[in-house]
Amino acid sequence: MLGQRKSKSDKVVMQNALKTLAANIRFSSVDNPVHSLCIASAIPSEGKTTVSTGLGKAFAAGGATVLMVECDMRRRSLASALGVHGRHGLYSVLSGHHTVQEAVVSAGTANLYFLDAEPSIPNPADLLQSKRFHELVETLTSMYTYVIFDTPPVNTFIDASIVSSIVDGTILVVRQDYTHRDDVRESYKQLQQAGANVIGVVLNYADAEVSSKYYDYYHEKKDADYSAAQDDQPSIAARPETAPKATAPAAAAAAMPSYPPKGPAAKKAVPRLHPLPEQNAQPVRPQRSASPDETTELLQQTGYAPKPSSPYTVRRLRK
């Protein structure tokens, strides 16, 4: 579903819808992958060219090489949508006047290329039914990852039915509140009769008001959460892991409660002790220790006699 509303999230909704469409096509068939696509609509002005160019850019953004081919030879619109014009076109390639490499031009986006069609080509239906066109489709599919053909309305010309019978898959674009149900039913029936593989329907110009609300809510919620997270975090200079090494202790001390200082900073200044002046000081002679014999004789001279049971009896030591 592609929506086109005048809102700031319009572009986001459109891009997301095209990426979703590209992913669905990529994984639509694992055994038989789709490499060539026909973009068709029941009546004119349903936006199939817009879907074709957007889908091609979505594929190219994913890294795939994409070739856009103009098959609406009566009213060409791909060149104006892509903003490029080639010197040679589809008819010159089919007639053998120029090669594919000479006719294909870059579409201004990486991996996106364009093959235009010459104006006023007689009998476009006969040209598309030719054997050379069948061979050209196989050649282009082997050269590019995806080949997208933009075709005229199904209910107006038979060109889209012819192309849809050759390519791998067909997408039917329907404009909301614009195309009648009978027209859609008739175009789908005609594609089935041609043997087309209709892999899906794109609802274009859909009401994206509800989707816009969800996208706006997502972006507003994301911005609000980011702002709140930024307010809760401290500044870069105050964070210990990012602050300079010289200021890390100061930042850590500021966060701690105040206590009496410890360590080397807590020592008080002690005054230095100066020596007293000497006043006729004389050198002190070293004293000699008394021997055990001298001590015993001295005690006997003084009349001191220790008791035999005293544990402190002084005995004379043998020499």
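The values are calculated or read from the model by the stated rules, or taken from the named source; none is laboratory data. Remember, predicted model here, so these are calculated numbers, not experimental data. Glycine gets a Cβ as well: all are built from the backbone with ideal geometry, and neighbour counts include every protein chain shown. Heads up: the accessible areas ignore ligands, DNA and RNA and are worked out on the full protein's heavy atoms, side chains in. Shrake-Rupley method; radii C 1.70, N 1.55, O 1.52, S 1.80 Å.
Numbers at a glance
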{"read-out": "Loop chymotrypsin sites (Phe, Trp or Tyr not before Pro), segment 95-145, which have at most 12 other Cβ atoms in a 10 Å radius of their Cβ (DSSP)", "value": "none"}
{"read-out": "For segment 62-195: relative contact order, % (alpha-carbon pairs under 8 angstrom, 6 or more apart)", "value": "28 percent"}
{"read-out": "Rh (Kirkwood; distinct C-alpha pairs) - segment 1-152, Å", "value": "16.1 Å"}
{"read-out": "Rounded, prolate or oblate (a/c below 1.5 giving rounded, otherwise prolate when a/b exceeds b/c) for segment 1-90 by Cα gyration tensor", "value": "oblate"}
{"read-out": "Heavy-atom accessible area ranking, 1.4 Å probe, most first, across 87, 181, 132, 76", "value": "87, 181, 132, 76"}
{"read-out": "Solvent exposure ordering (accessible area, 1.4 Å, most first) of 19, 131", "value": "131, 19"}
{"read-out": "Rounded to the nearest 10 Å², the accessible area of residue 85 at probe 1.4 Å", "value": "130 Å²"}
{"read-out": "Residue 57 - accessible surface, heavy atoms, 1.4 Å probe, Å² rounded to 10", "value": "90 Å²"}
{"read-out": "Potential extension, residue 26-residue 297 segment - 0.36 nm per residue separation minus Cα distance", "value": "85.1 nm"}
{"read-out": "Solvent-accessible ranking of 49, 20, largest area first, probe 1.4 Å", "value": "20, 49"}
{"read-out": "Area accessible to solvent at residue 106, 1.4 Å probe radius, in Å²", "value": "70 Å²"}
{"read-out": "Extension gain from residue 131 to residue 11, taking 0.36 nm per residue of separation minus the Cα-Cα distance", "value": "39.1 nm"}
